[in-house]
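Every number in this text was worked out from the coordinates using simple rules, so none of it is lab data. Because the structure is predicted, anything quoted here is derived from the model rather than measured. When we count neighbours, we look across all protein chains shown, and the Cβ atoms used for this are built from the backbone with ideal geometry, even at glycine.
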Amino acid sequence: MDNLARLVSTVSRRTFRAEGHVFAVTPERVGLAEGVRAAVAMAPMLIAALLLARPEVALGAVAAFWNCLCDPQGEKSDRLKTMGTFTVLGVVVLPLAAYLASWGYPASLATLFALVFLCGLTRSYNASLGPMPTQAGLIASLAVVIGIALARPWAGALELGGYFLIGSLWTMLFCVFLWPIPFRQSGNLTLATIFGRLEVMAGFLQERNSLPGTEIAGWEGFDTVHRRGVRMSIERGRALAALDTCNGSRLGAFIDAAGRIFSALIAFGHARRMSEVPMDARSRSLLQGLQQLLATLGAHALLDRPLPEAVVAQSKALLHQCAGQEDGEARALTFAMSAIVRLADGATAPVEAAAAAAAAAAAGQGSRGIAPLVWRHALRVAVATVLAFVIGTRLNVALAYWGALAAIIVTQPISANTWLRVLERASGSLIGGVIAAGLLATLAGPGAMVFAILPLAAAAIASRLVSYGLFVVFLCPMFMLISDFIHPAGGLIAARFVNEVIGAVVGVAASFLLWPERGSDALAAATSAAISANMKFASEALRQRSGSAATLDRLQREAGLASTRLEAARERMLLEGRWRSASLERLREVIVALRSVCGAAAVLEVLREGEPSALDRQRADGYEAMTAQLLQALASRTTWPVSAAQPAVAANDDLGQAIRSFATAVNAYASGQA
């Protein structure tokens with residue numbers, strides 16, 4: 001396990017720049033055991049199809065694979081609900097599509113549109129922290145296309161539905177009850193990623209030994225890319241801790257410690273940037289010691305055993321070296337070391353807050369009514385699916401239903417995300433197609449094909465939450481082999497290529513032309529949310545007494561996530577090319593200024609002692625009034641003089657300077673929107 005943790009920690013240090021993007025890579029979410037379990041779940045149906053010489057029985061193996069894709073992990077009740085929802089949807093839509101398709105081509109098109117649209121209404125598009133388990137509605141819409149391709153009379157359609165039901169029920173029984181996989185490996189790899197990225201952050205600070213005003217681009221990267229990468233990995237860890245009933249408390253303790261170290265590094269970086277002298281030898285030595293500690297923590301399976309004694313001893317030694325030092329850098333490092341030492345004392349962290357957040361999210365997903373985004377996208381996907389199928393069949397493309405499948409998968413609610421999904425799918429299909437070509441040329445008979453399908457399925461499930469492109473590398477040859485197993489046909493590589501092109505072109509066109517979501521509205525909402533969250537953290541950092549860690553940690557998390565969402569919304573606008581670059585450049589300056597405000601507030605949290613002063617409370621009230629004024633003006637798209645958006649109480653500390661820079665950046669951005 002330690003070797004795997006080291007590998008994941010190493011990879012995560014090189015992939016943190018992808019955080020917040022559609023092509024995010026999350027190596028800590030590799031599921032080796034889940035992959036093997038999926039292959040074992042698929043094996044009985046494939047072997048039965050082989051022994052009975054009934055290839056259509058393999059549809060049960062497809063159902064097993066799809067159920068594993070939908071499996072959200074966590075509590076048995078949640079898993080059964082999600083997998084059961086998919087099973088019910090699939091058992092209804094697949095045989096219904098197969099039967100109605102037997103009525104003729106017009107009936108096929110009408111059925112395809114109606115059922116894909118209805119499946120799309122069951123989907124949701126809440127913000128996520130990276131790749132998530134596939135939703136039941138998406139996979140059910142794929143089952144509709146498969147049903148259209150396997151047109152049967154009523155008896156034959158029911159037979160297909162029976163195979164699907166057997167495969168699904170067996171998979172639920174096997175995965176949920178017979179082979180439940182604990183979260184321990186996921187928790188260990190998550191911690192390896194978090195501490196590995198914290199080490200990268202500390203290493204970045206080691207390299208910054210310049211005076212203020214130099215290496216501005218480097219510090220902006222620290223405020224955006226580095227902080228975004230660490231923040232999102234920490235929040236994924238919190239979500240995992242909320243689901244893990246066995247290891248959640250211990251995992252939560254490590255994640256809370258990581259959050260405190262993260263705050264300390266932000267405070268250290270802010271102090272370094274504001275300093276007028278290079279980093280002295282003492283601070284450099286202490287920071288290097290912290291970096292070594294983080295490297296050690298990232299290389300161990302921390303949930304399997306107590307903290308290494310060397311880590312505890314070194315933490316206490318560094319804490320002793322920091323004793324009595326009153327400068328900001330030393331106090332920030334003291335804050336970080338204390339968090340590690342508390343871990344050694346066996347402290348645990350409650351996960352009620354994370355669990356409550358997860359429950360609230362689930363409640364939001366289950367609320368009555370269908371959001372406009374959901375039904376519009378369901379309609380968009382249904383139109384794209386039918387159009388891709390019509391193009392493929394009219395051009396007599398072999399296996400034209402593949403193009404419809406591709407259209408369902410690549411069409412995203414936001415057009416820029418569709419471009420990125422097309423690129424990921426194209427690169428993955430290219431590599432996967434080469435693998436498939438080699439296998440199809442060398443495999444001798446259905447038996448060999450079955451034994452090639454299983455490891456490919458295992459690799460696909462293992463990588464499903466790591467990267468979509470990597471997932472497609474294994475999914476492409478697996479899907480092609482299963483298709484050839486059920487319906488042997490020649491020219492599969494060419495058919496795959498042509499259908500992928502059709503699906504990609506139709507998906508991109510549908511995203512841009514059919515009821516496109518207004519990116520400017522999403523950007524405005526993200527801007528307001530980021531301003532509100534960061535200024536709330538700054539105001540409360542002034543108001544809260546020392547020791548109010550829980551409240552300030554929560555507010556800092558919300559501020560960091562809101563800034564990350566704003567960065568992602570801005571980058572999507574750049575990809576769509578719908579806004580002037582000058583406006584988006586000014587927005588980038590707003591984001592950097594917000595990160596600076598958050599960093600200055602983190603310094604207050606780390607360094608504060610005692611009660612807040614009356615002036616601090618007055619400043620907090622002034623910042624809140626200024627924030628309300630900014631948000632109101634942005635919402636009404638009005639122009640105002642710069643002086644109207646400045647803090648009411650002037651202050652010359654780091655936070656005061658950061659607030660003034662932020663107000664100037666917002667005014668510059670807003671003046672360009674009028």
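See the values below:
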item: Mean Cβ count within 10 Å, highest first, over the residues of peptides 275-281, 388-394, 73-79, 600-606; result: 600-606, 388-394, 73-79, 275-281
item: Residue-span extension gain [Leu80 to Leu631] - 0.36 nm each, minus C-alpha spacing; result: 194.0 nm
item: For the chain, the spread of Cα positions along each principal axis, largest first, Å; result: 80, 60, 42
item: Stokes-Einstein translational diffusion, region 54-181 - Kirkwood Rh over all Cα pairs, 1.567 mPa s, 4 °C, in µm²/s; result: 87
item: Within straight-line cross-link reach of Lys81, aspartates and glutamates at Cα separation under 20 Å, skipping those fewer than 8 residues along the same chain; result: Glu34, Asp71, Asp244
item: Theoretical ellipticity at 222 nm over the chain - DSSP helices of four or more residues, -39500 (n - 2.57) apiece, nearest 500; result: -25500 deg cm²/dmol
item: Highest-first arrangement of 438-446, 219-227, 151-159, where packing means the average Cβ count within 10 Å; result: 219-227, 151-159, 438-446
item: Length-normalised contact order of the chain in % [C-alpha pairs under 8 Å, at least 6 apart]; result: 17
item: Contact order relative to length of region 184-349, as percent, for alpha carbon pairs under 8 angstrom and 6 or more apart; result: 36
item: Cα gyration tensor category, rounded, prolate or oblate, for region 226-268 with a/c compared to 1.5; result: oblate
item: Gyration tensor verdict on region 410-566 (Cα atoms; rounded if a/c is under 1.5, prolate if a/b is larger than b/c, oblate otherwise); result: oblate
item: Ordering of 289-295, 105-111, 457-463, 187-193 by burial proxy (mean other Cβ atoms within 10 Å per residue, highest first); result: 187-193, 457-463, 289-295, 105-111
item: Spin-label model distance (nm) - Ala155 vs Leu32, 7 Å beyond Cα toward Cβ; result: 5.0
item: Förster radius 60 Å - calculated FRET efficiency between Ala398 and Arg342 (Cβ-Cβ, nearest 0.05); result: 0.45
item: Förster radius 56 Å - calculated FRET efficiency between Thr10 and Ala444, Cβ distance, rounded to 0.05; result: 0.90
item: Length released on extending from Trp375 to Ala313, taking residue separation times 0.36 nm less the Cα-Cα span; result: 16.5 nm
item: log10 of Debye I(q)/I(0), alpha-carbon scatterers only, for region 446-495 at 0.13, 0.14, 0.32 Å⁻¹; result: -0.31, -0.36, -1.13
item: Spherically averaged projected area of region 132-181 from its Cα convex hull (nm²); result: 4.3
